[in-house]
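Taking it in order: structure first as structure tokens, then the write-up.
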Amino acid sequence: MIILAGLLSGILLGFIAYRVSLDRVAVRLMDGAEKRLLAVRDGRLNMFRHGRAPTHTSRQVVMPSPDLVYSSCVYDLAAGDLVIAGEMPPAGYYWSLCLYAHNTDNYFVLNDRELPERRFSITVSRKARNGVIQSPTRTGIALIRMIQRRQDDLPVIQAAQQSVSCGVVKA
Amino acid sequence: MNWDVAIGAVIFLALALAGATAGILLARYRLRSTVGDNPDEIQIGAWTTNKLAGSSSANALTRARIAIHGILAMHRKETIYFFAAKDDLGNALDPERDWEIKGGAFDCRWWSFTLYDEEYQLIESLSRRYSVHSDNVQLSPDGSYRIVISRGNPDTNWLASGMARRLMLTIRLYNPSQAVLDDVRSVALPSIRQLEIRQEAA
């Protein structure tokens, strides 16, 4: 009887330990990614940091795409909703905005083909409301990607980067 | 003191502890490889793709693996990723050897091949070109391509293996067509073979 009970709880604990170990890896690495992205400038939350196309010396994330230019905003919704707004580059440039929860899930994606015009504005909130994107976790990362095919594309890309903002508004 | 109860408690605790340890060890073991033993993954020849990468319905193993080798990957609607660490015969892509990738264009908005080292980072190359993609690829008259992985520069569609100790090859399909999204197995993926003769540095 004792052996059976021990075996059953062993199996149950095995499943739980397996799952918890894996979940902790994802959250720990997301913590690391948020910290590294924040360290690019002065560590401020809710602010975009604009990168250049990654090279062999880049270490912010693993497997970066060398053909994309990234802008990242590590957000925290503790103080209110987050408004991400700006302008996309002109037609022909791949552009996307991704939102990542603290467990690494990419819970929202928007790309240039889905937007009716170049200007965009989205609101991210902890609470579900009409016209608002709900973040599954309080903290996360907003990531804008733009394609850079050649060096000449840089002025257009940088203008689009400078146009975006990521700021908290009171809910 | 009732010895029966004491021995029973010790047996119970030992079995429970063994179970928990086994769970932790299994998690660690499965994270040592980037692919395999995962129902979310699809294996097509030398290539592996994860049909739930970035999705909230992904399992815990997918989430942990993506966090390790591809954190901030995009949902498949936006980009489908294929990985290969071995050739068509199942041999690891040894950077001491030269490799040849042969295939055709993909049904998507934009595609790219990128090579990464053992730390999943880009590899230093003099050309500063880290990828072969749908804009810079040189196609044969029949629309196919041949890409070479080597330390030296063969001066064509080239991915540099530089000083890497291990290689991981990635294909990205940006905004894949509906046909690809509906059936990822329909994607014709390129072959990966070892070159018998090493490429001369240009």
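Readers should treat all values here as calculations from the given coordinates under stated rules, not as data from a laboratory. Please read all numbers here as calculations on a predicted model, not as lab measurements. When we count neighbours, we look across all protein chains shown, and the Cβ atoms used for this are built from the backbone with ideal geometry, even at glycine.
Other residues whose C-beta falls under 10 angstrom from the C-beta of A:PRO89 contribute a net charge of -2, scoring Lys and Arg +1 and Asp and Glu -1. On the principal axes of its alpha-carbon atoms, segment B:113-202 has extents of 41, 35, 25 Å, going from largest to smallest. Mind pulling the angle between the C-alpha long axis of helix B:3-32 and the longest principal axis of chain B? Nearest 10 degrees, somewhere in 0 to 90. In chain B, helix B:3-32 runs at an angle near 0 degrees to the longest axis. For segment B:53-104, pairs of C-alpha atoms spaced more than 19 angstrom apart make up 45 percent of the total. In this rough spin-label picture, where each label sits 7 Å from Cα along the Cβ direction, the A:GLN162-A:PHE15 distance is 5.7 nm.
Taking the convex hull of the alpha carbon positions in segment A:49-169 and averaging its projected area over all directions gives 7.7 nm². The stretch between B:SER57 and B:ASP4 holds 14.4 nm of extra length on full extension. This uses 0.36 nm per residue minus the Cα-Cα distance.
If R0 is 56 Å, the Cβ-Cβ spacing of A:VAL83 and B:GLU196 corresponds to a FRET efficiency of close to 0.45. For A:MET1 and A:ASN130, the difference between the fully extended length at 0.36 nm per residue and the C-alpha to C-alpha distance is 40.9 nm. For segment B:40-194, the relative contact order works out to 31 percent when only alpha carbon pairs closer than 8 Å and six or more residues apart are counted.
Helical runs assigned H by DSSP (4 residues or longer) give chain B a calculated mean residue ellipticity at 222 nm of -7500 deg cm²/dmol, each run adding -39500 (n - 2.57) before division by the residue total.
Among B:PHE113, B:PHE12, B:PHE82, the largest mean-square fluctuation in a Gaussian network model of chain B, built with springs joining Cα atoms closer than 10 Å, belongs to B:PHE12. Once the convex hull of all Cα atoms in the protein assembly as shown is built, its volume per residue stands at 194 Å³. With Cα atoms as the point set, segment A:1-108 shows a radius of gyration and Dmax of 20.0, 71 Å. Extension gain for B:ILE11-B:ASP37 works out to 6.2 nm (0.36 nm per residue, less the C-alpha to C-alpha distance).
Between 0 and 90 degrees, the angle of helix B:60-70 with respect to the longest Cα principal axis of chain B falls at about 40 degrees. Positive-end ranking of A:ALA26, A:LEU12, A:LEU45 along the dipole of segment A:2-58, with charges on Cβ about the Cα centre, is headed by A:LEU45. The calculated FRET efficiency for the pair B:ASP183 and A:ARG150, based on their C-beta separation and a Förster distance of 25 Å, comes to about 0.15. Of A:LEU97, B:LEU181, the sequence from fewest to most neighbouring Cβ atoms within 10 angstrom is B:LEU181, A:LEU97. Counting beta carbons within 10 Å around each of B:GLU78, B:GLU124 and listing the fewest first gives the order B:GLU124, B:GLU78.
The calculated Kirkwood hydrodynamic radius for segment B:46-202 is 16.2 Å, given to one decimal from all distinct C-alpha pairs.
Per residue of A:58-71, other chain Cβ atoms within 10 Å of the residue Cβ number 6 on average.
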